[in-house]
Amino acid sequence: MEVIRFSQILLPVIGSQADEEAILFACRLGKQDKCQVRVIYVITLKRDLPLDAEIKPEIQKAEEILNRIERIAAEHNYKIDTEVLQAREVGPAIVNEAVGSDVDLIVMGFAYKRRFGEFSLGEVVPYVLENAPCRVILYHLGPISNT
């Protein structure tokens with residue numbers, strides 16, 4: 001069986017604990033394959049705003065999250081590239097970034113969620129799984145126990 005190698009990994013983040021674990025996983029893969037890890041944060045803009053609108057609180061939040069992820073990667077001796085994107089919807093923005101950047105792996109961290117009492121992947125994860133031009137690894141942070 002052929003070993004799969006990656007040259008560029010894309011990691012979309014939202015500021016969750018799952019992101020912090022997913023960046024460690026992506027860095028381990030990146031070190032193994034000597035590849036670039038790109039981390040993006042997507043700011044969702046309402047339809048009545050232009051795509052280049054500057055929403056300072058959202059930009060500040062995105063930069064704080066990306067700075068934290070950069071520090072985590074640096075603590076593990078890995079340099080990553082980060083970028084803030086603005087879009088109408090997160091899923092298409094991730095897929096478009098993967099296509100435009102010739103990414104060969106998307107790593108997505110997500111936390112355990114319940115919607116109407118059932119486990120839910122939300123809207124973004126299924127969209128990316130269905131439309132990604134490359135492999136996708138979901139890094140699931142399971143339910144956190146208080147015991």
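The values are calculated or read from the model by the stated rules, or taken from the named source; none is laboratory data. Source: prediction; values computed, not measured. Every residue, glycine among them, receives a Cβ derived from its backbone with ideal geometry; neighbour counts consider all protein chains shown.
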Quickly run through region 29-45 and pick out the residues that are at negative phi and free of Cβ contacts under 8 Å to residues at least 40 places away in the same chain. Gln32, Asp33, Cys35
All-but-one check, Val99 against (1) in contact (Cβ under 8 Å) with a residue 40 or more places away in the chain; (2) within 20 Å of Pro126 (Cα to Cα), failing number (1)
Go through region 48-82 and give me each residue that's more than 16 Å from Arg28 (Cβ to Cβ) and not in a helix (DSSP H, G or I). Asp48, Leu49, Pro50, Leu51, Asp52, Ala53, Glu54, Ile55, Asp81, Thr82
The number of residues in region 31-85 that are of a type in the set (A, V, I, L, M, F, W, C) and within 15 Å of the chain's Cα centre (by Cα) is 14
Checking the structure you have, find out if any residue of region 46-53 is touching a strand residue (DSSP E or B) at 6+ places or on another chain (Cβ under 6 Å), within 18 Å of Pro12 (Cβ to Cβ), at pLDDT 90 or above and not basic (Lys, Arg). no
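Yes/no per residue for (1) surrounded by fewer than 18 Cβ atoms within 10 Å (Cβ to Cβ); (2) at pLDDT 95 or above; (3) part of a loop (DSSP other than H, G, I, E, B):
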| position | (1), (2), (3) |
| --- | --- |
| Gly91 | no, yes, no |
| Ile94 | no, yes, no |
| Asp102 | yes, no, yes |
| Val107 | no, yes, no |
| Leu121 | yes, no, yes |
| Leu129 | yes, yes, no |
| Pro133 | yes, yes, yes |
| His140 | yes, no, no |
| Ile144 | yes, no, yes |
Which residues, taken from region 16-28, are surrounded by fewer than 17 Cβ atoms within 10 Å (Cβ to Cβ) and in contact with a strand residue (DSSP E or B) (Cβ under 7 Å, 6 or more places away or on another chain)? Ser16, Gln17, Glu21, Phe25
